[in-house]
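> This structure is in structure tokens; I'll ask about it shortly.
The values are calculated or read from the model by the stated rules, or taken from the named source; none is laboratory data. The shown structure was predicted, so the numbers you read here are calculated from the model rather than taken from an experiment. Cβ placement follows ideal geometry from the backbone for every residue including glycine, while neighbour counts extend to all protein chains displayed. These area figures cover heavy atoms from the full protein model, side chains too; ligands, DNA and RNA do not enter into them. Shrake-Rupley method; radii C 1.70, N 1.55, O 1.52, S 1.80 Å.
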Amino acid sequence: MGDSVSKSDIEENGATISSPIPEKVAEMYNAPGGQGGHLIFDGQFHWGYWDEKNPDASLGEAADRLTQIMIDKSEISQGERFCDLGCGVGVPAMRIAKAKECFVDAITISKYQYDKAKQLAQEAGMSDRVRFIQGNALEMPCDDATYDGGWFFETIFHMGHREALQEAYRILKPGATLLIADLPTRSNITEEFKTFAKEKIHSVFIPKEDYPGLLDEAGFDLIEIDDVTEFVIPPLVPKVKVAFKQYETEILQYVESQAIGRWVGMFEDMCENLGYMLVKAKRRA
């Protein structure tokens, strides 16, 4: 896990200074490419998990597996309130609401994702359990200490880690569990990729070693950092290529054919420069 770092170190490596611009994130997911992105993940906006139990799983099936792993790590109970901070089109939010019999407030900055999530919840009969909000997850429209648990499911890099953790501390109750699925930088990350991430996918990624210090500073006790890179990264690009081929007709309704090649190249670059980890922490009193 590595030694914790000082506040100045964190500022220097760009965890907060280069935080993405919310309006740019919204534009990306509202654009045709952003709208079609969930197709290859069968309605989800996060990567997949493959091990000896599901080596032949499709991208969508592996994304479902990762959602279940996150649900299993949560400690939310029946009737409690959970927050999904960056919910995509709402599939994981509905999954945890159903599995844990809890109530979920799920926020996305994208108008398209918000509308799609509300539609899917209505079709699934989940509108009484899951409430969708269009807005900035760094400015949750709620009182302090509202939620019994929450997660950033492959979203915190769009927000700025320090700011996101500060808002999570504000809205979570003392003792609440926070889960984070994040893509930490590898030691061989290139400056070219950092620039691409910031300018093209409006993301700032940080090393795994920064997490203990960031969490402590924000008022969280770190429970575990589970590095699952080996179960996520190696199979991803081959599975992405299969999914693009499978859903090519549907995807071409959103973008031109050349975009598929660019997307594959993006996934290749991300897998070369990033890992994958699941973080669990508790809000201090």
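> Give the calculated FRET efficiency between ASP226 and ASP56 to the nearest 0.05, with a Förster radius of 30 Å applied to their Cβ-Cβ distance.
Numbers: r = 23 Å, r/R0 = 0.78.
Result of the calculation: an efficiency of 0.80.
> What percent does the relative contact order of the chain come to when contacts are Cα pairs within less than 8 Å and at least six residues apart?
On the way: 531 pairs, mean separation 68.4, N = 285.
Once divided by the residue count of the chain, the mean separation gives 24 percent.
> Moving on to the next point. With the other protein chains left in place, how much accessible area per residue, in square angstrom, belongs to the range 46-159 at a 1.4 angstrom probe?
Values: 4590 Å² over 114 residues.
Heavy-atom accessible area per residue stands at 40 Å².
> List the relative contact order of the range 155-208 as a percent without decimals, with contacts defined as Cα pairs under 8 Å and 6+ residues apart.
Working: 31 pairs, mean separation 25.5, N = 54.
After rounding, I find 47 percent.
> Taking 0.36 nm per intervening residue step and subtracting the Cα-Cα distance, what contour gain separates ALA124 from ASP216 on full extension?
Values: separation 92, 0.36 × 92 = 33.12 nm, distance 3.89 nm.
Going from the current span to full extension adds 29.2 nm.
> Something else about it: Are there any GluC sites (Glu not before Pro) in the range 170-262 that are in a DSSP loop and have at most 12 other Cβ atoms within 10 Å? List them by number.
On the way: sites: GLU191, GLU192, GLU199, GLU209, GLU217, GLU224, GLU230, GLU248, GLU250, GLU256; in loops: GLU256.
Those that pass, being in a loop and sparsely packed, are GLU256.
> Next question. Return the FRET efficiency for the residue pair GLU248, GLU23: r is the Cβ-Cβ distance, R0 is 30 Å, and the value is rounded to the nearest 0.05.
Values: r = 31 Å, r/R0 = 1.03.
Computed FRET efficiency for GLU248 and GLU23 comes out at 0.45.
> Using a 1.4 Å probe over the heavy atoms of the protein chains, calculate the carbon and sulfur portion of the accessible area of the range 185-285 as a whole percent.
Details: 2450 of 5070 Å².
C and S atoms contribute 48 percent here.
> Which FRET efficiency value, to the nearest 0.05, is calculated for GLU75 and GLN134 with the Förster distance at 41 angstrom and r the Cβ-Cβ distance?
On the way: r = 28 Å, r/R0 = 0.68.
Plugging the Cβ-Cβ distance into 1/(1 + (r/R0)^6) gives 0.90.
> Also: Given the options THR108, THR195, THR67, state which has the largest fluctuation in a GNM of the chain using a 10 Å cut-off (strictly under) for Cα springs.
Among THR108, THR195, THR67, the largest mean-square fluctuation in the Gaussian network model of the chain belongs to THR195.
> Per residue, how much accessible area does the range 170-285 have with a 1.4 Å probe, in Å²? Could the numbers behind the result be given before it?
Working: 5360 Å² over 116 residues.
Per-residue value: 46 Å².
> How much of the accessible area of the range 56-155, probe 1.4 Å, is carbon plus sulfur, in whole percent?
Values: 1730 of 4050 Å².
Carbon and sulfur together cover 43 percent of it.
> Before rounding to the nearest 500, sum -39500 (n - 2.57) across all DSSP H runs of length at least 4 in the chain and divide by the residue total; then give [θ] at 222 nm in deg cm²/dmol. List each step's numbers first, then the result.
On the way: 12 runs with 126 residues, N = 285.
Taking each H run of at least 4 residues, the total per residue is -13000 deg cm²/dmol.
> With an 8 Å cut-off on Cα pairs and a minimum separation of 6 or more residues, tell me the relative contact order of the range 101-258 in percent. Write down the numbers at each step before the final one.
Working: 145 pairs, mean separation 26.5, N = 158.
For the range 101-258, the relative contact order is 17 percent.
> Also, I was wondering about something else. Just subtract the alpha-carbon distance of ASP144 and ILE189 from 0.36 nm times their residue separation and send over the number in nm, one decimal. Write out the running numbers ahead of the final one.
On the way: separation 45, 0.36 × 45 = 16.20 nm, distance 3.74 nm.
That pair, ASP144 and ILE189, stretches by 12.5 nm at full extension.
> Turning to a different aspect of this structure: At 7 Å along the Cα-to-beta-carbon direction for both ALA259 and ALA31, put a label point, then send me their distance in nm to one decimal.
Result: 0.9 nm between the two label points.
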